[in-house]
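This report concerns only the one structure given below.
The values are calculated or read from the model by the stated rules, or taken from the named source; none is laboratory data. Values in this document were obtained by computation on a predicted structure and should not be read as measured data. We place every Cβ from the backbone using ideal geometry, glycine too, and count neighbours over all the protein chains shown. Side chains are part of the model used for accessible areas, which takes the heavy atoms of the whole protein and leaves out ligands, DNA and RNA. Shrake-Rupley method; radii C 1.70, N 1.55, O 1.52, S 1.80 Å.
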Amino acid sequence: MKLSWGMKWALLFALCIFSFSSICLAITTRFVVSLYSTKTIDHVSICDDPIHILITVCNGGNSNSERQSMLRYHEAVDLLITIQRYGMEKSSINCTNIGNSIAIGEKIIVHIFTDDVITLTDQFLQTLPTSKLIDRLDVRVYAMPEPKSEQQNYDKFRKCASSRLHATHLFEASIIGMENGTEKTGDIPEKVLYLDTDTLVTTPLRGLWESSSDMFQEHPNALFTMTQECILRWEMGDYYIHGGYAGENVTGADGNTHLVYTFPNGTCAGYNSGVLFAHLHRWQRNNFSDMVWEQELFAMRHNYEMRFGDQGILNAMAARFPERLLELPCFWNMRIDSLELCLPRYLENGGGILHMLHKNHGKFHRDWPAATSLRRYLVRVNDTWRHDLVWKDNIYEDPDNAMFAKILQWLITNDTKLND
(Lines give C-alpha, C1' and ligand atoms only; values in the text may rest on other atoms or scores of the structure.)
Protein backbone atom coordinates (compact mmCIF):
# COMPACT_ATOMS: atom_id res chain seq x y z
CA MET A 1 0.00 0.00 0.00
CA LYS A 2 1.36 3.38 -0.99
CA LEU A 3 1.39 5.93 1.81
CA SER A 4 0.34 9.48 1.23
CA TRP A 5 2.64 12.33 2.10
CA GLY A 6 0.36 13.19 5.02
CA MET A 7 0.67 9.71 6.50
CA LYS A 8 4.43 9.75 6.01
CA TRP A 9 4.70 13.04 7.88
CA ALA A 10 2.46 11.69 10.65
CA LEU A 11 4.61 8.54 11.03
CA LEU A 12 7.81 10.60 11.02
CA PHE A 13 6.35 12.90 13.69
CA ALA A 14 5.34 9.91 15.84
CA LEU A 15 8.82 8.39 15.48
CA CYS A 16 10.42 11.63 16.63
CA ILE A 17 8.11 11.84 19.62
CA PHE A 18 8.92 8.21 20.55
CA SER A 19 12.68 8.80 20.21
CA PHE A 20 12.51 11.97 22.25
CA SER A 21 10.50 10.18 24.96
CA SER A 22 13.01 7.32 25.06
CA ILE A 23 15.89 9.75 25.46
CA CYS A 24 14.05 11.57 28.24
CA LEU A 25 13.22 8.28 29.94
CA ALA A 26 16.85 7.15 29.74
CA ILE A 27 18.08 10.43 31.18
CA THR A 28 15.46 10.36 33.92
CA THR A 29 16.20 6.72 34.74
CA ARG A 30 19.93 7.45 34.87
CA PHE A 31 19.27 10.37 37.21
CA VAL A 32 17.02 8.32 39.49
CA VAL A 33 19.45 5.40 39.56
CA SER A 34 22.35 7.71 40.34
CA LEU A 35 20.24 9.35 43.03
CA TYR A 36 19.52 6.04 44.71
CA SER A 37 23.03 4.78 43.98
CA THR A 38 24.37 7.64 46.06
CA LYS A 39 22.29 6.36 48.97
CA THR A 40 23.13 2.74 48.23
CA ILE A 41 26.89 3.43 48.21
CA ASP A 42 26.59 4.71 51.76
CA HIS A 43 24.87 1.47 52.75
CA VAL A 44 26.46 -0.97 50.32
CA SER A 45 27.46 -3.34 53.12
CA ILE A 46 23.86 -3.48 54.34
CA CYS A 47 22.82 -5.09 51.07
CA ASP A 48 25.93 -7.23 50.56
CA ASP A 49 26.44 -8.24 54.18
CA PRO A 50 23.23 -8.80 56.21
CA ILE A 51 23.68 -9.13 59.95
CA HIS A 52 23.50 -12.71 61.25
CA ILE A 53 22.67 -13.16 64.94
CA LEU A 54 22.92 -16.45 66.82
CA ILE A 55 20.85 -17.15 69.96
CA THR A 56 20.61 -20.42 71.89
CA VAL A 57 17.53 -20.91 74.07
CA CYS A 58 17.00 -23.86 76.39
CA ASN A 59 14.47 -24.43 79.14
CA GLY A 60 16.10 -24.16 82.55
CA GLY A 61 13.97 -27.05 83.79
CA ASN A 62 15.27 -26.84 87.36
CA SER A 63 12.78 -24.48 88.95
CA ASN A 64 9.45 -24.98 90.68
CA SER A 65 8.22 -21.77 89.08
CA GLU A 66 6.99 -22.04 85.49
CA ARG A 67 8.10 -18.44 84.91
CA GLN A 68 11.62 -19.24 86.08
CA SER A 69 11.82 -22.46 84.07
CA MET A 70 10.77 -20.51 80.97
CA LEU A 71 13.00 -17.54 81.81
CA ARG A 72 15.29 -18.00 78.80
CA TYR A 73 12.31 -17.96 76.42
CA HIS A 74 10.95 -14.75 77.96
CA GLU A 75 14.40 -13.18 77.76
CA ALA A 76 14.80 -14.23 74.12
CA VAL A 77 11.57 -12.43 73.25
CA ASP A 78 12.75 -9.28 75.04
CA LEU A 79 16.05 -9.43 73.16
CA LEU A 80 14.32 -9.82 69.79
CA ILE A 81 12.09 -6.82 70.49
CA THR A 82 15.10 -4.62 71.23
CA ILE A 83 16.96 -5.91 68.15
CA GLN A 84 14.12 -4.74 65.92
CA ARG A 85 13.34 -1.55 67.85
CA TYR A 86 16.92 -0.34 68.33
CA GLY A 87 19.30 -2.69 66.51
CA MET A 88 18.19 -2.04 62.93
CA GLU A 89 19.81 0.76 60.94
CA LYS A 90 17.51 3.76 61.17
CA SER A 91 17.83 4.92 57.54
CA SER A 92 18.78 2.56 54.77
CA ILE A 93 17.43 1.25 51.49
CA ASN A 94 15.86 -2.17 51.80
CA CYS A 95 17.88 -4.76 49.88
CA THR A 96 14.87 -6.98 49.18
CA ASN A 97 12.81 -4.70 46.96
CA ILE A 98 9.45 -5.88 45.65
CA GLY A 99 8.85 -4.60 42.14
CA ASN A 100 9.80 -0.96 41.98
CA SER A 101 8.96 -0.20 45.60
CA ILE A 102 11.73 0.89 47.93
CA ALA A 103 11.22 0.30 51.65
CA ILE A 104 13.20 1.46 54.62
CA GLY A 105 15.10 -1.05 56.72
CA GLU A 106 17.96 -3.52 56.59
CA LYS A 107 18.03 -7.29 56.80
CA ILE A 108 18.84 -8.91 60.13
CA ILE A 109 18.70 -12.70 60.22
CA VAL A 110 18.27 -14.19 63.69
CA HIS A 111 19.15 -17.88 64.02
CA ILE A 112 17.65 -19.41 67.18
CA PHE A 113 18.61 -22.92 68.27
CA THR A 114 16.35 -24.31 70.96
CA ASP A 115 15.48 -27.53 72.77
CA ASP A 116 11.74 -26.91 72.26
CA VAL A 117 10.79 -25.41 68.90
CA ILE A 118 7.04 -25.77 69.41
CA THR A 119 6.96 -24.03 72.80
CA LEU A 120 9.20 -21.18 71.67
CA THR A 121 7.28 -20.52 68.46
CA ASP A 122 3.68 -21.19 69.53
CA GLN A 123 3.74 -19.74 73.04
CA PHE A 124 6.21 -16.90 72.54
CA LEU A 125 7.23 -15.81 69.03
CA GLN A 126 3.88 -16.17 67.23
CA THR A 127 1.70 -14.62 69.92
CA LEU A 128 0.42 -11.05 69.96
CA PRO A 129 1.82 -8.49 70.42
CA THR A 130 5.26 -10.16 70.12
CA SER A 131 4.80 -11.21 66.49
CA LYS A 132 4.16 -7.59 65.46
CA LEU A 133 7.10 -6.28 67.46
CA ILE A 134 9.55 -8.60 65.63
CA ASP A 135 7.92 -8.70 62.18
CA ARG A 136 10.83 -6.97 60.40
CA LEU A 137 13.35 -9.56 61.59
CA ASP A 138 14.08 -12.72 59.63
CA VAL A 139 13.75 -15.13 62.57
CA ARG A 140 14.71 -18.75 61.86
CA VAL A 141 14.12 -21.32 64.59
CA TYR A 142 15.99 -24.64 64.58
CA ALA A 143 15.89 -27.69 66.82
CA MET A 144 19.12 -27.98 68.78
CA PRO A 145 21.02 -30.80 67.04
CA GLU A 146 22.69 -33.61 68.92
CA PRO A 147 26.41 -33.12 69.58
CA LYS A 148 28.67 -34.51 66.91
CA SER A 149 30.76 -36.41 69.45
CA GLU A 150 31.16 -36.95 73.18
CA GLN A 151 33.71 -34.14 73.23
CA GLN A 152 31.07 -31.59 72.22
CA ASN A 153 29.49 -30.89 75.59
CA TYR A 154 26.73 -28.27 75.16
CA ASP A 155 25.89 -28.03 78.84
CA LYS A 156 28.99 -26.61 80.50
CA PHE A 157 28.07 -23.92 83.03
CA ARG A 158 24.35 -24.28 82.24
CA LYS A 159 22.10 -26.10 79.79
CA CYS A 160 23.17 -25.58 76.14
CA ALA A 161 25.32 -22.57 77.12
CA SER A 162 28.45 -24.08 75.54
CA SER A 163 26.73 -24.95 72.27
CA ARG A 164 27.97 -21.60 70.96
CA LEU A 165 31.48 -23.11 70.82
CA HIS A 166 30.18 -25.57 68.23
CA ALA A 167 28.22 -23.08 66.13
CA THR A 168 29.49 -24.50 62.83
CA HIS A 169 28.09 -27.91 63.78
CA LEU A 170 24.76 -26.34 64.76
CA PHE A 171 24.33 -24.99 61.24
CA GLU A 172 25.75 -28.05 59.48
CA ALA A 173 23.47 -30.44 61.37
CA SER A 174 20.26 -28.40 61.15
CA ILE A 175 17.61 -29.72 58.77
CA ILE A 176 15.92 -26.78 57.08
CA GLY A 177 13.84 -28.69 54.52
CA MET A 178 13.89 -31.18 51.67
CA GLU A 179 15.53 -30.84 48.27
CA ASN A 180 15.14 -33.49 45.57
CA GLY A 181 13.97 -35.99 48.15
CA THR A 182 16.93 -35.49 50.49
CA GLU A 183 17.27 -33.44 53.65
CA LYS A 184 18.75 -29.97 53.15
CA THR A 185 20.98 -28.60 55.89
CA GLY A 186 21.63 -24.97 56.72
CA ASP A 187 24.43 -22.89 55.27
CA ILE A 188 27.08 -21.58 57.63
CA PRO A 189 27.17 -17.75 57.65
CA GLU A 190 30.65 -16.30 57.23
CA LYS A 191 30.28 -14.34 60.46
CA VAL A 192 27.76 -14.40 63.26
CA LEU A 193 27.05 -12.29 66.33
CA TYR A 194 26.19 -14.50 69.28
CA LEU A 195 24.08 -12.85 71.99
CA ASP A 196 23.14 -14.23 75.40
CA THR A 197 19.40 -14.12 76.03
CA ASP A 198 19.93 -11.73 78.96
CA THR A 199 21.27 -8.98 76.70
CA LEU A 200 19.29 -6.00 75.42
CA VAL A 201 20.19 -3.93 72.35
CA THR A 202 19.94 -0.14 72.58
CA THR A 203 21.65 1.07 69.37
CA PRO A 204 21.97 -0.07 65.72
CA LEU A 205 24.15 -3.18 65.42
CA ARG A 206 25.60 -2.18 62.05
CA GLY A 207 28.50 -0.36 63.75
CA LEU A 208 29.45 -3.46 65.72
CA TRP A 209 29.08 -5.67 62.66
CA GLU A 210 31.22 -3.53 60.38
CA SER A 211 33.94 -2.67 62.91
CA SER A 212 34.32 -6.35 63.85
CA SER A 213 34.40 -7.34 60.18
CA ASP A 214 37.13 -4.77 59.57
CA MET A 215 39.14 -6.12 62.51
CA PHE A 216 38.87 -9.65 61.15
CA GLN A 217 40.11 -8.45 57.77
CA GLU A 218 43.13 -6.82 59.43
CA HIS A 219 43.88 -9.89 61.58
CA PRO A 220 43.70 -13.05 59.42
CA ASN A 221 44.36 -15.38 62.38
CA ALA A 222 41.62 -13.95 64.61
CA LEU A 223 38.66 -16.21 65.33
CA PHE A 224 36.41 -14.31 67.77
CA THR A 225 35.90 -11.01 69.58
CA MET A 226 34.84 -10.36 73.19
CA THR A 227 34.83 -7.54 75.74
CA GLN A 228 36.81 -7.37 78.97
CA GLU A 229 35.30 -8.02 82.37
CA CYS A 230 36.80 -4.94 83.94
CA ILE A 231 35.99 -4.99 87.64
CA LEU A 232 34.16 -8.23 88.32
CA ARG A 233 35.61 -10.40 91.08
CA TRP A 234 34.04 -13.01 93.34
CA GLU A 235 35.76 -14.16 96.50
CA MET A 236 35.29 -17.84 97.35
CA GLY A 237 37.27 -18.84 100.42
CA ASP A 238 40.96 -18.49 99.66
CA TYR A 239 40.28 -18.32 95.93
CA TYR A 240 39.96 -15.21 93.86
CA ILE A 241 37.78 -16.29 90.99
CA HIS A 242 37.69 -14.13 87.87
CA GLY A 243 36.10 -16.53 85.46
CA GLY A 244 38.78 -17.84 83.17
CA TYR A 245 42.23 -19.30 83.10
CA ALA A 246 43.92 -20.59 86.27
CA GLY A 247 47.62 -19.93 86.42
CA GLU A 248 49.33 -21.09 89.60
CA ASN A 249 48.95 -21.33 93.36
CA VAL A 250 50.58 -18.35 95.09
CA THR A 251 51.07 -17.76 98.82
CA GLY A 252 49.63 -14.38 99.69
CA ALA A 253 50.70 -11.87 102.32
CA ASP A 254 48.11 -13.37 104.65
CA GLY A 255 49.96 -16.69 104.55
CA ASN A 256 47.12 -18.42 102.69
CA THR A 257 47.41 -20.04 99.29
CA HIS A 258 45.50 -18.28 96.52
CA LEU A 259 44.70 -19.61 93.08
CA VAL A 260 45.84 -16.83 90.78
CA TYR A 261 44.09 -16.42 87.44
CA THR A 262 45.86 -14.89 84.48
CA PHE A 263 44.27 -13.61 81.30
CA PRO A 264 45.21 -12.54 77.78
CA ASN A 265 47.26 -9.37 77.48
CA GLY A 266 47.34 -8.89 81.25
CA THR A 267 43.65 -8.03 81.50
CA CYS A 268 42.17 -7.68 84.95
CA ALA A 269 39.37 -10.22 84.80
CA GLY A 270 39.32 -11.93 81.44
CA TYR A 271 36.69 -11.58 78.75
CA ASN A 272 32.94 -12.12 78.76
CA SER A 273 31.45 -14.39 76.08
CA GLY A 274 27.86 -13.14 76.39
CA VAL A 275 28.46 -11.02 73.26
CA LEU A 276 30.66 -13.05 70.95
CA PHE A 277 31.41 -12.09 67.35
CA ALA A 278 32.65 -15.23 65.57
CA HIS A 279 34.17 -15.76 62.14
CA LEU A 280 32.48 -19.09 61.40
CA HIS A 281 34.21 -19.74 58.09
CA ARG A 282 37.54 -19.61 59.91
CA TRP A 283 36.09 -21.79 62.64
CA GLN A 284 35.11 -24.29 59.97
CA ARG A 285 38.50 -24.21 58.23
CA ASN A 286 40.37 -24.64 61.52
CA ASN A 287 37.89 -27.13 63.03
CA PHE A 288 37.17 -24.96 66.05
CA SER A 289 35.48 -27.79 67.96
CA ASP A 290 38.81 -29.63 67.90
CA MET A 291 40.52 -26.49 69.21
CA VAL A 292 38.05 -26.43 72.10
CA TRP A 293 38.73 -30.08 72.91
CA GLU A 294 42.50 -29.52 72.70
CA GLN A 295 42.15 -26.69 75.22
CA GLU A 296 40.19 -28.93 77.59
CA LEU A 297 42.84 -31.66 77.33
CA PHE A 298 45.58 -29.08 77.95
CA ALA A 299 43.78 -27.89 81.10
CA MET A 300 43.45 -31.44 82.38
CA ARG A 301 47.12 -32.21 81.75
CA HIS A 302 48.22 -29.04 83.55
CA ASN A 303 45.74 -29.51 86.37
CA TYR A 304 43.81 -26.26 86.24
CA GLU A 305 40.11 -25.59 86.09
CA MET A 306 38.37 -23.44 83.51
CA ARG A 307 35.38 -21.96 85.27
CA PHE A 308 32.17 -20.68 83.74
CA GLY A 309 32.02 -23.14 80.85
CA ASP A 310 32.55 -21.71 77.38
CA GLN A 311 33.79 -18.40 78.78
CA GLY A 312 36.56 -20.09 80.73
CA ILE A 313 37.54 -22.15 77.69
CA LEU A 314 37.74 -19.10 75.43
CA ASN A 315 39.74 -17.14 78.00
CA ALA A 316 42.15 -20.01 78.50
CA MET A 317 42.53 -20.49 74.75
CA ALA A 318 43.16 -16.78 74.19
CA ALA A 319 45.75 -16.74 76.98
CA ARG A 320 47.74 -19.37 75.08
CA PHE A 321 46.93 -18.07 71.59
CA PRO A 322 46.27 -14.31 71.88
CA GLU A 323 46.12 -13.93 68.10
CA ARG A 324 42.76 -15.73 68.13
CA LEU A 325 41.04 -13.00 70.17
CA LEU A 326 40.13 -9.44 69.27
CA GLU A 327 38.79 -7.02 71.87
CA LEU A 328 35.49 -5.20 71.50
CA PRO A 329 34.80 -1.83 73.18
CA CYS A 330 33.06 -2.22 76.52
CA PHE A 331 29.79 -0.61 75.39
CA TRP A 332 29.06 -3.62 73.17
CA ASN A 333 28.69 -5.75 76.30
CA MET A 334 28.07 -3.43 79.23
CA ARG A 335 27.48 -5.42 82.38
CA ILE A 336 26.79 -4.51 85.99
CA ASP A 337 30.47 -4.94 86.79
CA SER A 338 31.50 -2.44 84.11
CA LEU A 339 28.75 0.17 84.52
CA GLU A 340 30.84 2.79 86.27
CA LEU A 341 33.88 2.38 84.03
CA CYS A 342 32.02 2.08 80.73
CA LEU A 343 29.01 4.38 81.09
CA PRO A 344 30.70 7.49 79.59
CA ARG A 345 31.76 5.49 76.50
CA TYR A 346 28.31 3.92 76.24
CA LEU A 347 26.64 7.33 76.21
CA GLU A 348 29.23 8.73 73.78
CA ASN A 349 28.56 5.82 71.39
CA GLY A 350 24.83 6.47 71.54
CA GLY A 351 24.08 3.20 73.32
CA GLY A 352 25.28 -0.35 72.87
CA ILE A 353 24.33 -3.73 74.33
CA LEU A 354 23.29 -4.07 77.97
CA HIS A 355 24.07 -7.40 79.63
CA MET A 356 21.64 -7.82 82.50
CA LEU A 357 23.16 -11.09 83.86
CA HIS A 358 20.94 -14.03 84.86
CA LYS A 359 22.37 -14.44 88.33
CA ASN A 360 21.35 -10.90 89.25
CA HIS A 361 17.78 -11.24 88.00
CA GLY A 362 16.35 -11.25 91.53
CA LYS A 363 18.55 -8.35 92.63
CA PHE A 364 17.06 -6.18 89.90
CA HIS A 365 13.68 -6.23 91.62
CA ARG A 366 15.04 -6.01 95.14
CA ASP A 367 18.11 -3.79 95.03
CA TRP A 368 18.07 -2.18 91.60
CA PRO A 369 14.49 -1.21 90.70
CA ALA A 370 15.86 1.20 88.10
CA ALA A 371 17.27 -1.78 86.20
CA THR A 372 13.83 -3.40 86.16
CA SER A 373 12.35 -0.12 84.92
CA LEU A 374 15.03 0.02 82.23
CA ARG A 375 14.16 -3.46 80.94
CA ARG A 376 10.43 -2.72 80.94
CA TYR A 377 11.04 0.50 79.04
CA LEU A 378 13.17 -1.15 76.34
CA VAL A 379 10.66 -3.96 75.67
CA ARG A 380 7.55 -1.81 76.13
CA VAL A 381 4.37 -2.73 74.32
CA ASN A 382 2.46 0.38 75.33
CA ASP A 383 2.64 3.22 77.83
CA THR A 384 2.06 0.99 80.86
CA TRP A 385 5.85 1.02 81.38
CA ARG A 386 5.48 4.54 82.78
CA HIS A 387 3.63 3.19 85.82
CA ASP A 388 6.56 0.89 86.58
CA LEU A 389 9.22 3.57 86.73
CA VAL A 390 10.91 4.03 90.07
CA TRP A 391 11.85 7.64 90.83
CA LYS A 392 12.26 7.53 94.58
CA ASP A 393 14.44 9.94 96.51
CA ASN A 394 16.74 7.10 97.59
CA ILE A 395 17.30 5.77 94.09
CA TYR A 396 20.73 7.41 93.93
CA GLU A 397 21.96 6.01 97.25
CA ASP A 398 23.12 2.81 95.57
CA PRO A 399 25.71 3.62 92.85
CA ASP A 400 24.65 0.80 90.50
CA ASN A 401 20.99 1.69 90.83
CA ALA A 402 21.85 5.33 90.13
CA MET A 403 23.67 4.38 86.93
CA PHE A 404 20.76 2.29 85.69
CA ALA A 405 18.54 5.29 86.40
CA LYS A 406 20.93 7.53 84.45
CA ILE A 407 20.84 5.16 81.44
CA LEU A 408 17.04 5.10 81.57
CA GLN A 409 16.79 8.88 81.78
CA TRP A 410 19.24 9.24 78.90
CA LEU A 411 17.29 6.77 76.76
CA ILE A 412 13.96 8.47 77.39
CA THR A 413 15.47 11.85 76.55
CA ASN A 414 17.18 10.71 73.33
CA ASP A 415 14.90 7.91 72.18
CA THR A 416 13.59 8.58 68.67
CA LYS A 417 11.49 5.41 68.89
CA LEU A 418 9.68 6.34 72.09
CA ASN A 419 6.26 6.14 70.48
CA ASP A 420 6.90 3.05 68.35
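Just a few scattered comments:
- Near the amide H of residue 335, within less than 5 Å, lie the amide hydrogens of 355, all on another chain or at least 5 residues away, with H placed in the peptide plane.
- Where labels lie 7 Å past Cα in the beta-carbon direction, separation of residue 414 and residue 382 in nm: 3.0 nm
- Accessible-area order (highest first, 1.4 angstrom probe) of the listed residues 300, 291: 300, 291
- Per residue, region 277-341 exposes 41 Å² of accessible surface when a 1.4 Å probe is rolled over the protein heavy atoms with every protein chain present.
- Using a Förster distance of 22 Å, the FRET efficiency for residue 323-residue 300 (Cβ separation, nearest 0.05): 0.40
- Spin-label model, residue 341 to residue 290: label points 7 Å out along the Cα-to-beta-carbon direction sit 3.6 nm apart.
- Overall, the accessible surface of region 278-358 at a probe of 1.4 angstrom is composed of carbon and sulfur to the extent of 49 percent.
- When you work out D = kT/(6 pi eta Rh) for region 117-161 at 37 °C and 0.692 mPa s, using the Kirkwood radius from C-alpha pairs as Rh and the Stokes-Einstein form, the result is 256 µm²/s.
- A crude spin-label estimate for the pair residue 190 and residue 121, with each label 7 Å from Cα along the Cβ direction, gives 3.0 nm.
- Cβ-based net charge around residue 150, under 14 Å, with every Lys or Arg adding one and every Asp or Glu removing one: -2
- Net length gained if the chain between residue 215 and residue 172 were fully extended (0.36 nm per residue, minus Cα distance): 12.9 nm
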